[in-house]
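The next block holds one structure in the form of structure tokens; read it before the comments.
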Amino acid sequence: MNSGDDGSGPAEGGGATYGLQAEALAFVTACAERIRTAYRGETRRVLGIGRDLKAAKAHLRHGQFGHWLRAEFGWSERTAQRYMQAARVFGEKPDTVSDLAPGAVYALSAQSTPAAVRTAVLARVEAGAPPDACEIQAEVARARKAERTQRAEMRAVRDLTQPLPGVVALRKAALARRAAGFILARLGDERRTLARLIEGVDPAVLVEALRAMEAPGPGEPIAAIEFDDAATA
């Protein structure tokens with residue numbers, strides 16, 4: 001059921017006579033009241049459908065809910081989730097949102113809607129000045145955009161505190177050159193034997209082994225150290 005032009009739902013007539021005679025005025029006033037009652041019932045039905053969907057899902061086996069939705073209503077799970085999310089958020093206070101358009105209720109209850117926006121809108125509703133549906137949806141869209149911008153800014157700040165991949169690679173290369181120079185200065189020709197022995201060895205495992213082993217005596221060549229051929233094969 002469609003509401004007025006702004007989608008906020010039928011407003012109270014405010015006692016206007018519209019230039020009508022008493023009998024005609026009584027007739028259109030009764031029409032307005034029936035429309036208003038039906039409209040309020042629409043949002044209540046949305047919440048009721050959501051509650052029933054949640055209850056049915058709880059009784060179905062895992063993976064059967066989507067099949068049940070298609071078989072019974074031709075619905076997707078995404079459609080059902082909108083009803084259920086509305087019931088989760090507003091199911092305990094249907095009177096509070098009964099004057100809001102279902103589209104506004106869906107927008108407010110969505111998981112991506114910031115809680116502050118929902119609280120602000122409900123405060124206006126309870127104060128008797130509910131915003132129309134277009135205003136609600138625009139406010140929700142602005143809040144979501146602001147949150148996305150804030151998350152992007154936080155990621156950018158976090159990235160600035162982390163070394164860039166190229167910098168990390170250059171740093172590792174510099175450390176590797178320092179280590180190679182140290183080995184070359186200490187081992188001379190024996191470095192070739194060392195290179196053969198550690199080829200394909202996990203550097204972390206090698207470091208642990210070096211820490212655990214007893215160092216060779218001064219001037220003792222690598223070739224004289226006993227290695228387990230099976231372990232280095």
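The values are calculated or read from the model by the stated rules, or taken from the named source; none is laboratory data. Because the structure is predicted, anything quoted here is derived from the model rather than measured. Only protein heavy atoms, including side chains, enter the accessible area calculation; ligands, DNA and RNA are left aside. Shrake-Rupley method; radii C 1.70, N 1.55, O 1.52, S 1.80 Å.
Couplings 3J(HN,Hα) of region 72-78, computed from phi: 7, 10, x, 9, 8, 5, 5 Hz, in residue order, whole Hz [Karplus 6.51 cos²θ - 1.76 cosθ + 1.60, θ = phi - 60°; x for Gly and Pro]. Length available on full extension from residue 148 to residue 70: 0.36 nm per residue minus the Cα-Cα distance, which gives 24.7 nm. The share of accessible area on region 39-136 that comes from carbon and sulfur is 50 percent, using a 1.4 angstrom probe.
Averaged per residue, region 62-146 has 54 square angstrom of accessible surface, using a 1.4 angstrom probe with ligands and nucleic acids left out. Close amide-amide hydrogen proximity is noted between residue 64 and no other residue 5 or more places distant or on a separate chain, at a cut-off under 5 Å (H modeled in the peptide plane; Pro and chain starts excluded).
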